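Chemist: My questions all concern the structure below.
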Amino acid sequence: MPKDSTLSLFYPGRANPGSLEARELLQVLSAFTRIAGKASRTCYGNSAGVSLRIERVQPGSVDLQWLHEIAATAQSTFPALPALALGIKDIHSLIKAWFDLMKFLRGQPPQRVQNVSNGNALSIENASGQTQVFNGNVYNTFIIGDIGSDAEKLELPIRRGATKLELKQGRKKITTYICSFPKQKRSERDC
C-alpha cells in the first residue's frame with residue numbers, strides 16, 4: 001500500500017541547489033534517498049521501499065515527491081513497530097531524530113554513552129561535554145546504518161554558501177541541519 005508526501009530540502013543562504021554542478025546535486029539526492037531508504041527499512045523491514053522523484057528545483061530548495069511502499073504483509077503484521085521499538089510515529093520522525101543526533105554530535109564520536117532509567121534511554125555526551133538523552137534504538141540504528149556518512153553529502157550546498165539545510169514536509173519544518181562536520185572552517189556561531 002503506497003504512502004506519499006512532498007518533502008523539500010531547503011538550503012537558505014548565498015548558494016542554492018540550482019547553482020550546484022549536476023554531479024553534486026546527484027550526490028545530495030542520492031544521500032537523502034539512502035537515508036530515507038534506511039529509515040523505511042528500519043521502521044518496516046526489508047520489504048519497504050522508498051523512491052524520490054524531483055518535483056522542482058528552485059532557488060534555495062529541491063522539492064521531492066516521496067513515495068514510500070510497504071508490502072501488505074509487513075504493514076498488517078507490524079503496524080506499530082516504529083512506535084514500540086523506536087519511540088517514533090513515522091519515518092519523518094525517525095529522520096528528524098537522526099538529524100537531531102547528528103546536530104548534537106557535530107560529526108564527532110560521542111565521548112560517553114550510558115543507559116539511564118531502566119529503559120531504552122541513553123545519555124550521550126558530545127565532544128563539547130554537553131549531555132543529552134536519546135532513544136537507544138534510534139542511536140543504534142544511526143550507528144548501524146552509518147547515517148553520518150550519507151549526511152556528509154547533504155552538506156555540499158552548505159560548502160557552497162548555504163547556511164543550513166531545512167527538511168520540510170509541505171510548509172512544516174521537520175528539522176534543521178547545520179554544519180556538523182568539523183573539517184569545515186566555520187565560526188562557532190554558524191554551527
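Chemist: Report, by residue number, each residue of region 85-100 that is assigned to a helix (DSSP H, G or I) and free of Cβ contacts under 8 Å to residues at least 40 places away in the same chain.
Modeler: Passing the criteria: only Ser93.
Chemist: Next question, about the same structure. Of the residues Lys89, Lys96, which is in contact with a strand residue (DSSP E or B) (Cβ under 7 Å, 6 or more places away or on another chain), open to solvent by 50 Å² or more (accessible area, probe 1.4 Å) and closer than 27 Å to Tyr11 by Cα?
Modeler: From the options Lys89, Lys96, the qualifying one is Lys96.
Chemist: Pick from region 119-160 the residues that are of a type in the set (Gly, Ala, Ser), part of a helix (DSSP H, G or I) and free of Cβ contacts under 8 Å to residues at least 60 places away in the same chain: which of them is surrounded by the fewest Cβ atoms within 10 Å (Cβ to Cβ)?
Modeler: Applying the filter and picking the extreme gives Ser149.
Chemist: Pull out all pairs, ordered by first then second residue, where Cβ-Cβ is under 9 Å, the residues are six or more apart or on different chains, the first lies in region 101-117 and is free of Cβ contacts under 8 Å to residues at least 40 places away in the same chain and small (Gly, Ala, Ser), and the second is part of a strand (DSSP E or B) and open to solvent by 70 Å² or more (accessible area, probe 1.4 Å).
Modeler: That search, which allows pairs on different chains as well, returns Ser117/Val133.
Chemist: Taking region 100-118 on its own, how many of its residues are farther than 28 Å from Leu29 by Cβ and open to solvent by less than 50 Å² (accessible area, probe 1.4 Å)?
Modeler: 2
Chemist: Quick check on my filter: what residues within region 61-85 are at pLDDT below 70, surrounded by 19 or more Cβ atoms within 10 Å (Cβ to Cβ) and in contact with a strand residue (DSSP E or B) (Cβ under 6 Å, 6 or more places away or on another chain)?
Modeler: Result: Trp66, His68.
Chemist: Do you know which residues across region 20-50 are of a type in the set (Gly, Ala, Ser) and out of contact with any Ser or Thr (no Cβ under 8 Å at 6 or more places or on another chain)?
Modeler: Listed by number, the residues that qualify are Ala22, Ser30, Ala31, Ala36, Gly37, Ala39, Ser40, Gly45.
Chemist: I've got another one for you. Which members of region 28-49 meet the condition of being touching a helix residue (DSSP H, G or I) at 6+ places or on another chain (Cβ under 8 Å) and either over 19 Å from Lys153 (Cα atoms) or surrounded by fewer than 17 Cβ atoms within 10 Å (Cβ to Cβ) (or both)?
Modeler: Ser30, Ser40, Thr42, Cys43, Tyr44, Gly45, Ser47, Ala48, Gly49
Chemist: Give region 23-48 a look and list any residue that's modelled with pLDDT under 80 and farther than 20 Å from Ala97 by Cα, or say none.
Modeler: Within region 23-48, Asn46, Ser47 qualify.
The values are calculated or read from the model by the stated rules, or taken from the named source; none is laboratory data. This one's a predicted model, so the numbers in the text were calculated from it and none came from an experiment. All Cβ positions, even for glycine, are placed from backbone atoms using ideal geometry, and neighbour counts span all protein chains on display. Accessible surface is based on the protein model in full, side chains and every heavy atom, while ligands, DNA and RNA are left aside. Shrake-Rupley method; radii C 1.70, N 1.55, O 1.52, S 1.80 Å.
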